[in-house]
Structures are given as C-alpha cells and as structure tokens.
Amino acid sequence: MNPDNNTVLHIADVHKSFGGLHALSDIDLSVKEGTTHAIIGPNGAGKSTLLNVCIGRLIPDRGAIIFDGEELTGKSPHEINQAGVARVFQTPEIFTELSVLENVIVPILSKKDGSYRFNPMKNLKQRKDAYDEAMHLIEDVGLSPSDPSGSLSRGDKRRLELAMCLSQHPRLLLLDEPTAGMSRHDTNSTIELLKKIKERGMTKVVIEHDMHVVFSLADRISVLAEGRIIADGTPEEVKNSAVVQEAYLGG
Amino acid sequence: MLSKKIANSELAIMLIFSAVVLTMPIWLAPIGAGYPDLLQKFAIFGLFAIGYNILFGMTGYLSFGHAAFLGVGSYAAVWSFKLLTMNVLPAVLFGVLFSGAFAFLIGYVSLRRSGIYFSILTLAFAQMSYNLAYSVLTPITNGETGLQLTNKDPRIIDSLLSSEPVIGLPSTVLFGIKMSGYSGFYFCAVVLILGFFIALRISRSPFGLVLKGIKSNQTRMKFTGFNTRPYMITAFVISGMYAGLAGSLMAVTDPLAGAERMQWTASGEVVLMTILGGVGTLIGPVLGAGLIKYFENIFSAFNDRALHELFAFLPDGVENLFVTIVSPFVGEGWHLTLGVLFMIIIVFLPGGIIQGIERINNRFFKKSSSAKSDSNES
C-alpha cells in the first residue's frame, strides 16, 4: 500500500512483540485525511496495542509511525499530542478530582502551556477564551460544567473525555471503544456526536466491537486478527469478505 | 450568591488572613500562646507548611526530605549574618536562593521517580544532607555545635557602615529594628502573609491547574500534551524555597543553625502539619502547623510535678494513678499525644481540620441557608 498525498497517518511495517508473543506483525496501514477508519477484530487481536504504539505509550520494535509526513516513532507522548494526535481511552482517563469545567480547560491550556509555561501569578479567570470554549464543548456533549467529574456515570466520563480531546482540535483522533458500557440511547447520541465531528473534517481511527457503531461511522475498515491485518476495505467489502466472516463476524 | 463571591475574592481572603495573623498576640493571649517565641514559631512553621502543601497538596508528590531545605535556609542566613550584615533581608534572600538551588538539584534527581520511590529518594537525600552537615561539612556547618555568631565574624557590610565596636554579640536587625520579641514576630507574620498570598495566586493560576491535573491523572496530562517534568521540578523548587524561607526566619529570630534541623523527624513534622490541617487546602497547613506547635508547647511543658498539682484535688491513690497514666503523654513523651491526635484525625477526618470545619458548617449553617433560599423562591 503506497501512501498518497491524502494520507494523514501512515503506520509503516510496524512490529511489536512482548516476549514471545507477536502482538503486532507487519502492520501497514494508511488513514486518509478526513475519514473515519475503523479497526475491528477479536479480543487480543492487538487493536489497543496498535493505538498505544501510535501515541507513544509503546515503542514499536520495527517500523515507523508517520503522521502528516513527520515521523512520530520514539517521540514522547506529550510531543505526539502536540503534533496533533489525541486519544480517548478504553477506560476513561479524566481528572476525577477536578470539575467538569476544569477537566476541559486543562487540555485547552495545553496548546500554549503544554511544553512549559510558568505563570503562577496569573489568574485562570483571565483566560476568558478558554472558559468560553470549554463551556461550549461541555454543552455539546450534554454535561453540566460545575459537576465534580469523579461522580459522573461511566458513559458521561467517556463523553467528558471526548470533549477534552475535541477541545484540543486534534488533526487525528484515536478512539478506543468509545461506546463500550453505554446504553443504546447513549451509544446513539455518541454516534451523532462523532458524525458531527466528521463534518468538521477531523480524521478518526476508531476501535469498536459494536458493529452497529462501526457500520454507521466508518468509511474504511481494517480487520485485525492475531496481530495481522487480514482484511482492509470499505464497509461493504469487509462485510462480504470470506476471510473476515471466518475469522470474526460469525465463522 | 453575593456573599459567596465576596468570600472568594482575593482581597477579602487576604484582608481576613492578614487581620487574623497580625492580631494573633491579642486573641491567642487568653489561651496562653500570646508570647513572641511561640508566635514566631506559628508564623515560621505556617510558612513551611504552606510551601510544603504546594508540592504535596497540589501535585500529590509526598516528599520526606523538606527539612533539608529548612536547614540550608538556616545555614545560608547565619552565614549572611556572619559574613555580610546583621540585616535580615539579605539573610532571608540568601536562604531562599540557596535552598531553591539545592531543591533544584535534589528535585532533578528525585523526580525521575514517582510515588513511594520519590518519597524514599527525598528521604535519602535529606538524611545524607543531615549526616554531611554533622560530619564532613563541619567547616561550613560547624558540625555538632551548630553554626553560631562570634565576635570574630567579619560582617563586611556592617563594619563598612559603622566603625563603632560592638560589645557582645550583635542581634539581628531590620534597618535598626531588633528582630527579637514582638518585632521579630511581626516580621515573620508579614513574610507569612506574603507567602500565603503567593500560594493563593498559584492555586488559582493556570500553572496551579496544571499541577492539580498532574496530581489527579498524570497519564492524562502526558497524553494531553503536557511535559509534566518541568512543571514538577518547578513545584518542588518553589516548595523548597518556602522551606528555605522558613529556615532563614528561624535564624532571624534566633541566629544559630544546627544539623538537627535537617533530620527526618523535622521532615515528618511538616507532613503531619499539612495532613492535620487539610492537604490541598490553602489555610489548612497553617492551622495544622499552629495546632502542632501549640500542643507541643503545652504538653511538653508538663512534668510530673505539674501533673501532681493538676490532680491534687483527687485522693492520693487516685491522684498517683492518674499521674502514672498521663505522664507518658506529656513532657518528653508529648509525641505520643501527637501520634494519638494524628490517628484520630486520619481515621475520622481524613481531610484534616478543614474537613471538620466544613462538616460543622454544613450541619449548622447549610440547613438554615437553604431554607432561606427556598422561602425566597416561593
């Protein structure tokens, strides 16, 4: 697969093993600008490992992660985030001691303050732009800003984490099972929210078990099994692929 | 709503805090704490605890070695008295600068680890500093005897300004005002108020929010684009500078410095103060420091004779029994009382005194205020 001009993320021949286990073998994947790319596969197929490699939590044994023409391999997580990659985790990673509003303000500060800025005498309230933007996003995901985030339901925590990632305006958003543990109703509202983001032209990579979510969002699907990509194509192609049927969908 | 806004405004907080601190000699007198020595301790340890809370309370990193910075601050201040001048301002300045630099070195290494490993590293560094101050560094620290003023000290600036021979040991001054007794307390009190103001600003700044984010979820901070290490080092250095400031104030009120100031018990004490008052709150550490120093003063002053006098109204046998039970908890053994107090607080009020105050506040005032707002709405 040759990356063309539209490619935002290119995962080039990435290999990662833990001891004798080949978690990822020769993964080669291109994600086009503005698309939603779903990665599906059975448990233990290496989906989360793949995302961990992309955000710098793990360093691949071989291969490279190229984002927007720039190699990310070996960079630290905060540099990768600053380059424009944000991630929603499988178990929501939020600031449980802070309020919903503060949770969203922190990532907004990151663009200017991320690498380091010493401003202990400045009042946070002077960052009116950050406040306004945070309030707007919180409204978008349907939360109330003054709530303590620690007592939110799991679904709400996920929505909050999504709002935190969106507040950074990343070029690439990685979502690890964004609807896991959500009710049908919450799942549908999350799908609507993700569709709305798509209109803004943000590129997304989604790991998902729920086929309803996958087929209503994805432009392209890659199927991962035992650390290898066994199929890659449009939702229609993947749905009809005999290999996939056998390995995953119902075989 | 309006009263809440006023209560949250910086000016109101600072005015109330300043008024309370500056009138301490008056309102602490009835409980026997209105004398300068103890008041100075309140201010100095309050400052130490405020600074410690910037690290422990805001970032969640538990340092067991902050006494080292206290000691460095004291030594630097005494050297300033010996070499330069008896004026306290340079002494305080050098105390803060040297402890800040020292904190940078220790923080740079210790902050490579987090959690328990960080705590152990800081403890190890502080104990190393203590032992070095006791032995190898005797030329600087004067070892066991401790660093003191002598008549042979050069005091370059003072001797340039005045040719009058000083009889006996000079005392610390702020442009002519002797820094002992009440003037010493007021100097410490003003520094405490300044220190409190800076801590207040930090906690409300973007920088402070980043520190709270690190405490809450460092993983999220990293994947949100924050380079957490320089932030942590800054927090560590700031709290080290506060400790150095407290140490230099100790030297201001009593110009000598000993290695025991760096011992781990002193590091542990500030942890107790912070937890006792309320970790992560602004005023809590000051309250904790005051409470511990007050109790230390009361309980350590008791001896067996005082106890016998206290229980004299009881029949002889009962009196002796009471004295036997109570005596291990007072005098030298007052740490036993501190231990019991600490356990009670941890078990029943993990949020410290501040949590206790909040509970009382909720029980007695919230009900009535919510009833009021209900009636307003209807």
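The values are calculated or read from the model by the stated rules, or taken from the named source; none is laboratory data. In this text the structure is predicted, and so the values were computed from the model without any measurement. With ideal geometry, Cβ positions are generated from the backbone for all residues, glycine too; neighbour counts draw on all protein chains shown. What goes into the accessible areas is simple: the full protein's heavy atoms, side chains included, and nothing from ligands, DNA or RNA. Shrake-Rupley method; radii C 1.70, N 1.55, O 1.52, S 1.80 Å.
Points to keep in mind about this one:
- Charge dipole of the protein assembly as shown (Cα centre as origin; +1 on each Lys and Arg Cβ, -1 on each Asp and Glu Cβ, all else neutral): 920 debye, rounded to the nearest 20.
- Sum of side-chain charges, residue B:220 neighbourhood, beta-carbon under 9 Å (Lys, Arg +1; Asp, Glu -1): -1
- Pairwise label distance in nanometres, residue A:71 with residue A:111, each label 7 Å out on the Cα-Cβ vector: 2.9
- Per residue of peptide A:107-119, the mean number of Cβ atoms on other chains within 10 Å of the residue Cβ is 6.
- Here segment A:152-225 and segment B:304-359 have alpha carbon centers that stand 59 Å from each other.
- For segment B:2-264, size of Cβ-based charge dipole, Lys and Arg +1, Asp and Glu -1, in debye: 1180
- GNM top mover of A:91, A:73, A:35 - chain A, alpha-carbon springs below 10 Å: A:91
- Links that overshoot a 30 Å alpha carbon limit, given the list A:125/A:204; A:47/A:128; A:47/A:125; B:222/B:293; B:178/B:293: A:125/A:204; A:47/A:128; A:47/A:125; B:222/B:293
- Shielding of B:210-217 by partner chains, average beta-carbon count, 10 Å: 6
- Ranking B:230, B:136, B:16 by how far each Cα lies toward the positive end of the dipole of segment B:2-264 (charges on Cβ) leaves B:230 at the top.
- Cross-link reach list, lysines versus residue B:152, counting only Cα pairs under 18 Å and skipping chain neighbours closer than eight places: B:82
- Taking every DSSP beta bridge that has both ends in the protein assembly as shown, the antiparallel portion is near 60%.
- Probing with 1.4 Å while keeping every protein chain in the model, the per residue accessible area of the protein assembly as shown equals 46 Å².
- Database remark: amide H of residue B:63 closer than 5 angstrom to no amide H (H placed geometrically; neighbours at sequence offset of 5 or more, or on other chains; Pro and chain starts carry no H).
- Note on chain B: GNM, Cα springs under 10 Å; of B:276, B:28, B:245, the largest mean-square fluctuation is that of B:28.
- Contact order for segment B:2-264, expressed relative to its length and based on alpha carbon pairs under 8 Å spaced 6+ residues apart, stands at 40 percent.
- For a label point 7 Å along the Cα-to-beta-carbon line of residue B:135, residues of segment B:245-262 with backbone N under 18 Å: B:259-262
- Per-residue extension of 0.36 nm, minus the Cα-Cα distance of residue A:123 and residue A:35, leaves a gain of 27.7 nm for this segment.
- Whole-percent carbon and sulfur share, accessible surface of segment A:164-251, 1.4 Å: 50
- Computed from the C-beta positions of residue A:184 and residue B:14 and an R0 of 60 Å, the FRET efficiency is 0.70 to the nearest 0.05.
- For chain A: rounded, prolate or oblate by the Cα gyration tensor [a/c cutoff 1.5]: prolate
- Between segment B:119-158 and segment B:207-256, the alpha-carbon center distance in angstrom: 24
- Amide H partners (placed H, <5 Å) of residue A:205, local residues excluded: A:37, A:173, A:174, A:175
- Distance between the modelled labels on residue B:109 and residue A:234, one decimal in nanometres: 6.4 nm (7 Å Cα→Cβ projection).
- Ordering B:121, B:86, B:146 by Cα displacement along the dipole of segment B:2-264 toward the positive end leaves B:121 in first place; charges were set at the Cβ atoms of Lys, Arg (+1) and Asp, Glu (-1).
- Partner chain coverage, peptide A:124-132 - average Cβ within 10 angstrom: 2
- The coefficient of translational diffusion for segment B:2-264, derived via Stokes-Einstein from the alpha carbon Kirkwood radius under 37 °C and 0.692 mPa s, stands at 168 µm²/s.
- Residue-averaged 222 nm ellipticity for chain B, from DSSP H runs of 4+ at -39500 (n - 2.57), nearest 500: -22500 deg cm²/dmol
- Portion, in percent, of the accessible area of segment B:2-264 that falls on carbon or sulfur, probe 1.4 Å: 70
- Residue among B:196, B:242, B:206 farthest towards the positive dipole end of segment B:121-270, charges placed on Cβ: B:206
- Using a cut-off of 29 Å between Cα atoms, the listed pairs A:157/A:239; A:75/B:212; A:157/B:212; A:198/B:212; A:195/B:215 include A:157/A:239; A:198/B:212; A:195/B:215 as exceeding that distance.
- Placing a label point 7 Å from the Cα of residue B:265 along the Cα-to-Cβ direction, the residues of segment B:140-159 with a backbone N closer than 17 Å are B:144-146.
- The stretch between residue B:313 and residue B:23, if pulled fully straight at 0.36 nm per residue, gains 100.7 nm over its current Cα-Cα span.
- Test item: Cα-centred dipole of chain A, Lys/Arg +1 and Asp/Glu -1 on Cβ, debye: 600
- Estimated 222 nm signal from helices in chain A, with DSSP H stretches of n ≥ 4 weighted -39500 (n - 2.57), rounded to 500: -10000 deg cm²/dmol
- Mean projection area, nm², convex hull over Cα of segment B:42-129: 6.0
- Mean Cα-pair separation over length for chain A, i.e. relative contact order, pairs under 8 Å, 6 or more apart, %: 27
- Protection-proxy order for peptides A:39-46, B:340-347, each taking the mean of Cβ atoms within 10 Å per residue, highest first: A:39-46, B:340-347
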